[in-house]
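Notes for the one structure printed next.
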Amino acid sequence: MGKTIKIGNSIVGENHPCYITAEIGINHNGDLDVAKRMIAAAVTANCDAVKFQKRTPELCVSKEQKDVLRETPWGLIKYIDYRYKVEFGQEEYEAIDHYCKEVGIEWYASCWDQPSVDFMKQFDISCYKVASACLTDDELLRKYRTTGKSVILSTGMSTIEQIDHAVEVLGKDDLAVMHCNSSYPAKNEELNLRVITTLGARYGLPVGYSGHEVGLSPSVASSVLGACMIERHITLDRAMWGSDQAASVEPYGFRRLVRDVRAVEKSLGNGVKKVYDSELKVMKKLRISK
């Protein structure tokens, strides 16, 4: 895990502070005011960035799913109509871009199709993330590389062979990988955090952790194992409507997460055993033999 990438004004990788992202995704439920409140909560928590998701529903929803009825806050509607309801467009992303600059936080997005990548280019976002669901889409991976930005590859629901191929398609320049379990919420016994070190050794790239578990402990532990990035979904209230809310972290929880990761960073040290000045007085008092 010796390499680094640049995200906005930050260097991310070994020997640099863990880069912590609040994933807003579609937890805003199509409401720009809710999105801004989540951004503000991320700023208060001292997160480094917020992340959104961008889709072209006509391209990203399968033919079989389009007409399936779904119970939503807008009533019982077709799934394709629901996807449009929660999808932000030009006006909303202009407002998000302006607001993030105003409050001083980086933002980026995972784009689920090629037109969405083109759409995001206008905002000169900090980097791009490949969603786990898109890891096997070679054409989309190549499209990401046309942006000239760093790329983060999420590896949920993927075999090591599929990850090998995606890394080959993307190339290792300006690339980080994220260990991930794509269940919502993910079970602790299936998080397999040691994969963080496996991926680092295999690819020699910066490795992060995208968590979907309930609670904070595994995400904090990931930083001990060398995760140089941590991404968790943020919500204003886990009881809000939406499929990702239960695996999300509320504002107070995000403040705790950032605080605890920073405490871990201070605690790890450099691995060289020494006697600290603060121990000398205790040593003189308690140690009988010299």
- Neighbours by Cβ (under 9 Å, 6+ apart or cross-chain): first from segment 151-173, closer than 22 Å to Ala186 by Cβ; second buried (at least 19 other Cβ atoms within 10 Å of the Cβ) and among the aromatic types (Phe, Trp, Tyr): Ile152/Tyr108; Ile152/Tyr128; Ile163/Tyr203
- Just to be sure, is Tyr99 modelled with pLDDT of 95 or more and not in a helix (DSSP H, G or I)? no
- Message: Condition first: buried (at least 17 other Cβ atoms within 10 Å of the Cβ) and under 30 Å from Arg142 (Cα atoms). Can you find one or more residues in segment 239-256 that meet it?
- Response: yes
- Go through (1) touching a residue at least 60 places away in the same chain (Cβ under 8 Å); (2) among the basic types (Lys, Arg); (3) farther than 15 Å from Thr21 by Cβ one by one and return the number of the condition Lys281 breaks. (1)
- Message: With the structure loaded, tell me whether Arg142 is over 21 Å from Ile125 (Cβ atoms), basic (Lys, Arg) and at pLDDT 95 or above or whether it fails that test.
- Response: no
- Restricting segment 164-210 to residues that are over 21 Å from Leu225 (Cα atoms) and of a type in the set (D, E, K, R), the one surrounded by the most Cβ atoms within 10 Å (Cβ to Cβ) turns out to be Asp174
- Task: Would you mention how many residues in segment 11-29 are of a type outside the set (Gly, Ala, Ser), closer than 13 Å to Gly226 by Cα and surrounded by fewer than 23 Cβ atoms within 10 Å (Cβ to Cβ)?
- Result: 5
- Of the residues in segment 192-232, how many are over 21 Å from Leu268 (Cα atoms) and within 15 Å of the chain's Cα centre (by Cα)? 5
- Every residue from segment 103-149 that is among the basic types (Lys, Arg) and either assigned to a helix (DSSP H, G or I) or in contact with a helix residue (DSSP H, G or I) (Cβ under 6 Å, 6 or more places away or on another chain) (or both): Lys121, Arg142, Lys143, Arg145
- Message: Out of everything in segment 157-208 that is of a type outside the set (Gly, Ala, Ser) and in a strand (DSSP E or B), what residue ends up being farthest from Ser222 (Cα to Cα)?
- Response: Leu175
- Considering only residues that are polar (S, T, N, Q) and either touching a Pro at 6+ places or on another chain (Cβ under 9 Å) or surrounded by 16 or more Cβ atoms within 10 Å (Cβ to Cβ) (or both), look in segment 43-98 and name the one that is farthest from Tyr19 (Cα to Cα). Thr72
- Item | Cβ-Cβ under 7 Å pairs, at least 6 apart or on other chains, segment 68-79 side closer than 15 Å to Ser243 by Cβ and without any contact (Cβ under 8 Å) to a residue 60 or more places away in the chain, far side surrounded by 12 or more Cβ atoms within 10 Å (Cβ to Cβ) and of a type in the set (Val, Ile, Thr) | Arg70/Ile77; Tyr79/Val61; Tyr79/Val68
- segment 246-290, residues that are outside any loop (DSSP other than H, G, I, E, B) and either of a type in the set (Val, Ile, Thr) or touching a Phe, Trp or Tyr at 6+ places or on another chain (Cβ under 9 Å) (or both): Ala246, Ala247, Val249, Val258, Val261, Val264, Val282
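The values are calculated or read from the model by the stated rules, or taken from the named source; none is laboratory data. What you see is a predicted model, and the numbers here were worked out from it, not measured in a lab. When we count neighbours, we look across all protein chains shown, and the Cβ atoms used for this are built from the backbone with ideal geometry, even at glycine.
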